[in-house]
Structures are given as C-alpha cells and as structure tokens.
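The values are calculated or read from the model by the stated rules, or taken from the named source; none is laboratory data. Note that this is a predicted model, so its numbers are computed, not measured. Cβ placement follows ideal geometry from the backbone for every residue including glycine, while neighbour counts extend to all protein chains displayed. Quick note on the areas: whole protein, heavy atoms, side chains included, nothing else; ligands and nucleic acids left out. Shrake-Rupley method; radii C 1.70, N 1.55, O 1.52, S 1.80 Å.
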Amino acid sequence: MLGASGAVGQELLQLLEQRAFPVSELRLLASSRSAGTTQSWKGQQLTVQEVSAEAFQGVDLVLASAGGSVSKQWREAIIAAGALMVDNSSAFRMEEGVPLVVPEVNPDAAFGHQGVIANPNCTTILLTLALAPLAARVPMCRVVVSTYQSASGAGARAMEELRDLSQVVLDGGTPESAVLPHSLAFNLFLHNSPLQANSYCEEEMKMVNETRKIMELPDLRFSATCVRVPVLRAHSEAVNVEFEQPFPVDEARSLLAAAPGVELIDRPDDNRFPMPTDVTGRDPIAVGRIRQDISEPNALEFWLCGDQIRKGAALNAIQIAELLISS
Ligand code: NAP
C-alpha cells in the first residue's frame, strides 16, 4: 500500500480487514515523513516504510494513494516488479490503455489492463453509480452537476484543519488556513484545483472527461461546478440529467432503488432526503429528491450523497482488485 498514512490509505487498511481481502503480507509505504510510524492491522503492529523500488519486489498488488506525482514516479518500478497497480490519483486516468473502472458500472474494462488500473475521481465514481442504471434504460444526452465536497476530499490534514479552524471561529478568533486555500470553517468556496483555459477548474473537467470514458459516451454534454463545503466527510451532488425522451420519475426511482451500490432515501412526505451523515463510513451512495425538471420535459433532477473516501476511493479500489481475483 503506497500512501498508507493518508486519508485513503487509512480507509484501505480498514477495508482490507473488514472485507477479509486475501493478504499474505502487507507492506505499508509512505514518505520519509511517516516512515517508522506504526499502524495496527488485524491485531499486528505494522511499521510504515519509506517507498523504494525494492519495497515492490515480490508484491502482487499495489494500492496507490500517495498523489499523482508519486504514482508517476513509481509506476515503472511497480510494473517491473510484476505487480498490478490500482491507482487512486489522477495521473493515468485518461491515458489510453489504462482502464478507468467503477465495478458496478464498467467491470469488463478492468480486464484490459496493462499493469495499471485507475480509480476514477471520487465525485465521478459517486455520480456514475446513479447515472448508469438510468442511462441503461433511456439514452442520456446531457448532465449538469453541482458538487458539495467535504474537507476529507483534500486529505487527512484538511479534515484536521476544518476541525481546528471551526474551534477558532467558535472561540471568537480569526481562522487562518494553511492546508486549504481559504478557511472552510463556517464557509465554502469554489474547488481550488487549477482553472483551465475554458474557465472550468481541473476537478470539474475530471468529472466531464472521466464520466465520458467510464460510460463510453465520448460526446456526452456535461457541465460541472465543484464547491468545497464545511462537511468533514462525504460529498453531495445536485444532478440534472437530460435523456433522449421523457423518463417517468417512478421508473427512475425503482431503477435506482434496485441499482448495485445505491440506496434510495426519497421520502417527500416527511421531507427526508440524503445527507452526508447518512453515508459516512458506509459503502452505498444515497440518492433521493428524484423529480421531473420543470424546465425540460426530458430531464430529471436528483440529489446524491456518498462517502468519497470509502466508495469514492478505497472501496472502489478494493472492489477492482476483488473483481480480478474472482475472475
Ligand atoms: P493524504 O491524506 O494527504 O495522504 C497522502 C499519502 O501519500 C500519505 O500517506 C503520504 O505519506 C503519502 N505521500 C505523500 N508524498 C509522498 C512521497 N513523496 N512518497 C511516498 N508517499 C508519499 O491524501 P489522500 O486524501 O489520502 O489522497 C491520496 C490520493 O488519493 C490523492 O491522489 C488523491 O487525489 C486521491 N483521492 C483522494 C480522495 C479523498 O477523498 N481523500 C478520494 C479519491 C482520490 P506521509 O504521511 O509520509 O506524508
């Protein structure tokens, strides 16, 4: 595991144990910063090692969550060691020959790998879980999505910063951020990934390009606005999907209720719809507030929440590995 001390790495550790993933030896790798620290796993104390080429010798599977530059740096060494790399970073997602996989959506793609499989962007994983069952029934032609992304999407240190700065505000002080570009305490801001030439940020364009690749819809019209919100963990998304013909709301509700990895929380009578706390630490995404778009007869609106460290990263990566093991 490369990036073992991070937010995704910690979740991977828990899931490997909870899902009884077959492991004969687990190596925890990170940078020199956390080398020498220990993590408990299945009742043992494992020591984190600094990543090196030798650390991949004899390894079958590398679950990487140490960021794009680190994944790029170690890819050759991992492949040379004969291991499969399932990578959580964005480094290889759009590369030809690298499958981009959500097991509930495009499992077959995983089998075409050449040593690397990419785990999609967290918001994209959550979104495609809801889009796939609908698009399988009526072709989809346009998606407009706004995201409400939690601090944990920016890593373990961003979560800590939100906790600390919230206390600063509660104590009457002025919060000063060091990890995120602005204080998230009782605040929100547009996603801070670099702006592209088209004025969309990188995170927004990841959603566009990755959804098209996963769903094999290269011409899908897609627009996203990504926002960071003061939620500790679990992302939310407001989604508008236009189909080639009207999509009855009841049918959409039944399809989503039956879709793998999706839970329906859609109780208009008591105004109860998904919240981040419904999905925190849990596997399924929650979808609700499914309604006809009053401005477009062929479009539906809905809302979803999903734990992006779990299904949006660690769980999805482990499910990819499980898929290959079970074949
Ligand atoms: P994080 O909490 O900041 O953890 C980063 C991990 O990478 C730590 O274990 C860190 O080790 C390690 N690392 C950093 N630089 C390294 C280097 N030069 N060599 C070796 N290890 C190094 O970040 P995260 O949130 O877990 O995210 C990790 C990756 O997953 C990123 O690519 C991110 O985009 C992606 N991702 C994150 C989420 C999410 O919700 N958080 C979701 C989907 C995908 P040290 O402790 O030694 O610094």
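For this structure, a couple of remarks:
- Relative packing of 270-280, 149-159, which averages over residues the other C-beta atoms within 10 Å, highest first: 149-159, 270-280
- Relative contact order (percent, whole number), segment 47-168, Cα cutoff 8 Å, 6+ residue spacing: 17 percent
- Note on Glu54 and Ile325: their simple-model spin labels are 2.8 nm apart, each label 7 Å out from Cα toward Cβ.
- Contact order relative to length of the chain, as percent, for alpha carbon pairs under 8 angstrom and 6 or more apart: 18 percent
- Considering only Ala257, Ser183, Phe302, and ranking their Cα positions along the charge dipole of the chain that arises from unit charges at the beta-carbon of Lys, Arg, Asp and Glu, the one farthest toward the positive end is Ser183.
- Hits among aspartates and glutamates - C-alpha to C-alpha of Lys72 under 16 Å, sequence gap 8 or more where chains match: Asp87, Glu95, Glu96
- Counting DSSP beta bridges with both ends in the chain, the antiparallel % (nearest 5): 55 percent
- Beta bridges per DSSP, both residues in segment 124-308: antiparallel share near 70 percent.
- Calculated accessible area for the chain comes out at 44 Å² per residue, all protein chains present (probe 1.4 Å; ligands, DNA, RNA ignored).
- Normalising by residue count, segment 124-308 has a Cα convex hull of 133 Å³ per residue.
- Distance between segment 258-274 and segment 1-17 - C-alpha centres, whole angstrom: 29 Å
- Taking the Cα centre of segment 124-308 as reference, the dipole from Cβ charges on Lys and Arg (+1) and Asp and Glu (-1) amounts to some 120 debye.
- Computed about the Cα centre, the dipole magnitude for the chain is approximately 320 debye when only Lys and Arg (+1) and Asp and Glu (-1) carry charge, each at its Cβ.
- Taking the accessible area of the chain, probe 1.4 Å, and keeping the other protein chains in place, the carbon and sulfur fraction comes to 49%.
- Principal-axis tilt of helix 315-325 within the chain, Cα atoms, nearest 10 degrees: 70 degrees
- Computed label-point distance, nm, for sites Asp269 and Ser146 using a 7 Å Cα→Cβ extension: 3.0 nm
- With a 1.4 Å probe rolled over the protein heavy atoms of all chains, the accessible area of Ile325, Ile125 falls in the order Ile325, Ile125, largest first.
- Helix 202-214 and the long axis of the chain differ in direction by around 80°, with both axes built from C-alpha atoms.
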